[in-house]
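Please read the structure below before turning to the comments.
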Amino acid sequence: MVTKLVGILTAGGDSPGLNAAIRAVGKAGIGAFDMQIIGFRDGFRGLMQNRTIRLGSQELAGILTLGGTILGTSRDKPHKMPVGGQLLDMTDVMLDTYHDHHLDALVCLGGGGTQKNAYRLSQKGMNIITLPKTIDNDVAMTDVTFGFDTALGIATEAIDRLHSTAHSHHRIIVVEVMGHNAGWLALGSGVAGGAEVILIPEIPFDIEIVADAIRRRSRKGSRFSIVAISEGAMSQEVAAQLQAAEESRQNAVTDEEIEAAAVQLAEIEKRRAGSTLRAANKLEELTGLESRVTILGHLQRGGTPSAADRLLATRLGSECASLIDQGVFGVMVASRGESAVPIPLEDVVGKRKCVPLDHPWIQSARRVGTCLGDE
Ligand code: F6P
């Protein structure tokens with residue numbers, strides 16, 4: 001058997017389970033398929049700068065339960081790399097590193113952005129294979145991404161804890177949950193933690209409807225409420241503005257029109273910043289109940305991965321090593337039920353997996369009386 005040389009990098013925001021996945025690719029690669037593994041530090045930047053770390057059995061030991069990524073990460077894009085104050089296309093430099101190491105494959109672990117960047121490298125001729133990670137769970141074509149289950153647990157525990165203090169003080173606590181433009185985390189933790197209101201980007205909200213739901217609860221004697229709000233959630237008014245600006249961007253033909261649409265979109269995005277605080281203030285005004293805001297932020301990405309994430313990362317990572325052995329490239333290893341299946345990268349990139357409006361979690365939330373801000 002000819003020893004295969006495999007590179008591995010982690011890109012985008014870190015997430016619990018990355019080290020479990022690195023370990024699985026490495027241990028299966030070395031132990032079952034006679035591979036040698038090297039890691040590139042800090043995502044695509046390390047590939048460009050040829051900064052490596054040996055990943056032998058010793059380096060892979062004891063990392064299963066570690067949070068973060070032993071390789072480091074960055075949000076750099078190969079084709080728009082900040083170099084010397086400029087944004088440069090550095091894909092050819094990365095290709096040189098790949099060839100200098102005589103790599104047979106490069107494994108890229110990341111979310112939606114990483115899938116896109118990895119696809120670019122595969123179009124340049126590298127043998128690329130990816131794994132889906134992100135706490136947002138928004139990567140297309142996989143049932144789930146690793147990192148999500150851990151973050152879901154952290155956000156749910158936070159909501160549990162906020163319930164008791166909200167109850168004691170008769171307050172509204174608005175808790176902001178990560179998730180970028182997808183509502184999986186806020187919806188999942190909101191349902192699991194029994195939040196009275198859950199606001200997600202997929203369902204633009206009317207603050208009057210939210211206030212009505214809280215007032216109704218108050219009248220029944222529950223003078224406290226938890227509002228789980230996704231960081232990407234928006235009011236119906238902002239959603240309409242965004243849609244109009246997006247349409248102008250798509251219809252823009254001249255340079256001036258393109259520029260004007262970009263400015264308009266940027267202004268709306270700027271106005272969205274701080275919307276959780278504004279929602280909390282408005283609810284206080286409309287209900288007469290004192291309100292407080294808790295932003296969970298990067299807490300949700302930290303610490304040891306849950307058992308489900310370790311299992312998922314190990315399933316996908318070990319299958320990744322097997323696919324490299326079989327020479328299957330240009331794919332993401334997706335989770336489908338209990339199986340790990342290769343999906344062509346072109347079917348993954350440019351799509352975001354949002355919460356479908358008929359998803360069972362939404363139906364269940366409505367049935368148990370949770371207000372989703374729209375009715
Ligand atoms: O994609 C994961 C994520 O945690 C999102 O939920 C969040 O919007 C974003 O990353 C935060 O990014 P950063 O760590 O760069 O602030």
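Odds and ends about this structure:
- For peptides 184-191, 80-87, sequence by mean Cβ density within 10 Å, most packed first: 184-191, 80-87
- For Lys80, the aspartates and glutamates whose Cα falls under 13 Å of its own Cα, not counting residues fewer than eight places away in the same chain, are Asp89, Asp92.
- Positive contributions from Lys and Arg (+1) and negative ones from Asp and Glu (-1), summed over other residues with Cβ under 13 Å from the Cβ of Ala140, come out at 0.
- Unit charges on C-beta of K, R, D, E only; dipole of segment 152-301, Debye: 1080
- Panel note: the C-alpha atoms of segment 152-301, placed on their principal axes, show extents of 58, 33, 19 Å (largest first).
- The C-alpha atoms of the chain define a longest principal axis, and helix 307-326 lies at about 30 degrees to it.
- Our estimate of slack between Arg215 and Ala260, defined as 0.36 nm per intervening residue step minus the Cα-Cα distance, is 12.0 nm.
- Length-normalised contact order for segment 273-375 - Cα pairs under 8 Å, 6+ apart - percent: 12
- Using only side-chain charges placed at the Cβ, +1 for Lys and Arg and -1 for Asp and Glu, the dipole size of the chain relative to its Cα centre rounds to 1060 debye.
- Projecting the Cα atoms of Gly369, His359, Ser291 onto the dipole axis of segment 278-375, where Lys and Arg carry +1 and Asp and Glu carry -1 at the beta carbon, places Ser291 farthest toward the positive end.
- For the chain, adding -39500 (n - 2.57) for each run of n ≥ 4 DSSP H residues and dividing by the number of residues yields -14500 deg cm²/dmol at 222 nm.
- Counting only alpha carbon atoms, the long axis of helix 112-123 and the longest principal axis of the chain meet at about 30°.
- Summing +1 for each Lys or Arg and -1 for each Asp or Glu among the other residues whose beta-carbon sits under 13 angstrom from that of Glu59 gives +4.
- For segment 136-209, the ratio of Cα radius of gyration to the globular rule of thumb 2.2 N^0.38 Å stands at 1.17.
- All-pairs alpha carbon distance profile, segment 236-357, 5 Å steps from 0, percent: 2, 8, 9, 10, 12, 12, 11, 13, 12, 7, 2, 1, 0
- Length-normalised contact order for segment 152-301 - Cα pairs under 8 Å, 6+ apart - percent: 34
- Pairs from the table (Lys27/Lys353; Lys77/Lys353; Lys220/Lys282) lying more than 28 angstrom apart at Cα are Lys27/Lys353.
- Per atom type, the chain shows carbon and sulfur on 51% of its accessible surface, probed at 1.4 Å.
- Charge sum, other residues only, whose C-beta stays under 11 Å from Glu196's C-beta, Lys/Arg counted +1 and Asp/Glu -1: +2
- Protection proxy ranking of 223-236, 42-55, 356-369, 287-300 - average other beta-carbon atoms within 10 Å, highest first: 223-236, 42-55, 287-300, 356-369
- Rounded to the nearest 10 degrees, the inclination of helix 255-272 to the longest alpha-carbon principal axis of the chain is 60 degrees.
- Relative contact order [Cα under 8 Å, 6+ residues apart], the chain, whole percent: 23
- Cβ charges +1 (Lys, Arg) and -1 (Asp, Glu), total dipole of segment 1-132, debye: 240
- Hull-based mean projected area of the chain, where the convex hull spans the alpha carbons, in square nanometres: 20.1
The values are calculated or read from the model by the stated rules, or taken from the named source; none is laboratory data. This one's a predicted model, so the numbers in the text were calculated from it and none came from an experiment. Every residue, glycine as well, gets a Cβ built from its backbone with ideal geometry; the counts of neighbours run over all protein chains shown. Keep in mind that these areas ignore ligands, DNA and RNA; they rest on the heavy atoms of the full protein, side chains included. Shrake-Rupley method; radii C 1.70, N 1.55, O 1.52, S 1.80 Å.
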